[in-house]
Amino acid sequence: MTFVSWLERFSQLVSLPAAWGIFVTGGVIYLITAWRVRFLALIVQYLFVGILFLRVFENRPEMAMMKIIVGWMIAGSLLLSARVRTDALRGKGGLTRRWAANLPFRVVILATVTVVAQLLAQRLVLPYVTDELGLACIMLFLLALLFFGTEEKDASAVGVGVLNLLSALEIFYLAQDPGLLVSGVLMVVNLLVGLVTSYLTVTEVVQ
């Protein structure tokens, strides 16, 4: 068995746990505001996204590795900006929370979204993608809606929502047309979103 064949079998076995892992890590980012925890959760989330990319690029595992590396670079930039933001808030006498505001409400919303994601995955069949990839796309899309709807005052969280939405679009589109040029352009877009998010995270407290 060749290495590529082994990777293909591995991705088939772990793609469903990876899809749920993406949702769990997104939930951690949604509930916890401590920047170290969010950094670790985003690192793990991009690892799961990379595993799903093995299903998209079955004969090019290096593309999955590139997706993971780009994601980790984005996570690193968000970590640095979140640390600067936290230090700035402390210097101004502001309070830094470890848990998100309205935590009980968010837990209920997250549980509801979990049920909705499962029901949508059962009833809504996305074309050209496997069931696991379709579930991951739905979960990433719902996570993005959560961040957009309840984190409008937190630039870093909104940025994570945009990145989740981009990952869902990448998986769905590249599963139909796994072109290297389009994949490269989308990765550059991800990097730009990460840089803009880092910049906005810092400037909102500096101002």
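What the table shows:
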{"quantity": "Yes/no for TRP72 being in contact with a Leu (Cβ under 9 Å, 6 or more places away or on another chain) and modelled with pLDDT of 85 or more", "calculated": "yes"}
{"quantity": "From ALA144, ALA117, residue being in contact (Cβ under 8 Å) with a residue 60 or more places away in the chain and either surrounded by 13 or more Cβ atoms within 10 Å (Cβ to Cβ) or polar (S, T, N, Q) (or both)", "calculated": "ALA117"}
{"quantity": "Any hit, the range 36-55, residues being crowded, with 16+ Cβ neighbours inside 10 Å and closer than 20 Å to PRO104 by Cα", "calculated": "yes"}
{"quantity": "Condition broken by VAL185, with the remaining ones in (1) surrounded by fewer than 19 Cβ atoms within 10 Å (Cβ to Cβ); (2) part of a helix (DSSP H, G or I); (3) among the β-branched types (Val, Ile, Thr); (4) at pLDDT below 90 satisfied", "calculated": "(4)"}
{"quantity": "Top-ranked residue in the range 84-110 [being touching a helix residue (DSSP H, G or I) at 6+ places or on another chain (Cβ under 9 Å) and modelled with pLDDT of 85 or more; ranked as nearest to VAL188 (Cα to Cα)]", "calculated": "LEU110"}
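The rows are residues; the columns are (1) farther than 17 Å from GLY26 by Cα; (2) among the small types (Gly, Ala, Ser); (3) modelled with pLDDT under 85; (4) more than 16 Å from the chain's Cα centre (by Cα).
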| residue | (1), (2), (3), (4) |
| --- | --- |
| LEU120 | yes, no, no, yes |
| ARG123 | yes, no, no, yes |
| LEU135 | no, no, no, no |
| SER156 | no, yes, no, no |
| LEU174 | yes, no, no, yes |
| LEU191 | yes, no, no, no |
| LEU200 | yes, no, no, yes |
| VAL205 | yes, no, yes, yes |
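The values are calculated or read from the model by the stated rules, or taken from the named source; none is laboratory data. Quick caveat, the model's predicted, so the values are computed rather than measured. When we count neighbours, we look across all protein chains shown, and the Cβ atoms used for this are built from the backbone with ideal geometry, even at glycine.
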